[in-house]
1. Accessible area per residue, 1.4 Å probe, Å², for the chain: what's the number?
2. Limiting things to C-alpha atoms, what are the Rg and the maximum Cα-Cα separation (Dmax) for the range 1-128, in angstroms?
3. Hey, any idea what the orientation-averaged projected area of the convex hull of the range 1-61's Cα atoms comes to, in nm²?
4. Quick check: pseudo-label points 7 Å beyond the Cα along Cα→Cβ at residue 65 and residue 105, how many nm apart are they?
5. Ranked from highest to lowest mean number of other Cβ atoms within 10 Å per residue, what is the order of the peptides 62-70, 10-18, 47-55?
6. Most fluctuating residue of 97, 117, 31 in a GNM of the chain with Cα springs under 10 Å: which is it?
7. At a 1.4 Å probe radius, carbon and sulfur cover how many percent of the accessible area of the chain?
8. Binning at 10 Å from 0, report for the range 62-118 what percent of all alpha-carbon pair distances ends up in each bin.
Amino acid sequence: MTSTGAGRAVEEFLRIVPGARTVLDEVIASHPDRYGAWSEGSVDDLLEFLLEVFTRPVLLPLLRTGTPDDETAVRACFAYIESLATDPNPYVESSVHFGILEQFLEDQNTLLRAWNHSLPATRTKLAAMLEEYPATLRALRAAGVLE
């Protein structure tokens, strides 16, 4: 898996995630002064980009619905996450942690679906993050999700 990094975050988002262009265009149109550079692929704040155009409007709704029709989109989203999660840059790693992984903690069903769809690098980072949340980790172990 090739890492995406901050410099290619927009390009890879548009290439990998279904419906990404529509979401990106809507966010840019809502605040063109703030997000206009994203249309050229320039991201000054990767965390903000991930939260505003990927995690909140695309990924979390897909994980909440859990319908079979969404599976292709969910797999594509996790391919995008994996491309970010393999980047060794601490800035990208931090943005993935706070902008994506911690968002899975909103409820147990979201976390379980995220866990089940996670690819190797993402799952490793998700497991490491869960160590910071012992009660959640115990609940997942009790549910038989984690060993």
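The values are calculated or read from the model by the stated rules, or taken from the named source; none is laboratory data. Model, not experiment: these values are computed from the prediction. Positions of Cβ are backbone-derived with ideal geometry, glycine not excepted, and every protein chain shown enters the neighbour counts. Note: accessible area is taken over every heavy atom of the protein model, side chains too, but ligands, DNA and RNA are not part of it. Shrake-Rupley method; radii C 1.70, N 1.55, O 1.52, S 1.80 Å.
1. Values: 7350 Å² over 147 residues.
So the chain comes to 50 Å² accessible per residue, rounded to a whole number.
2. 13.6, 38
3. Numbers: hull surface 16.2 nm².
With every direction weighted equally, the projected area is 4.1 nm².
4. 2.7
5. On the way: 62-70: 13.4, 10-18: 18.0, 47-55: 21.4.
Packing order, densest peptide first, comes out as 47-55, 10-18, 62-70.
6. Its mean-square fluctuation being the largest, the pick is 31.
7. 51
8. 23, 53, 22, 2
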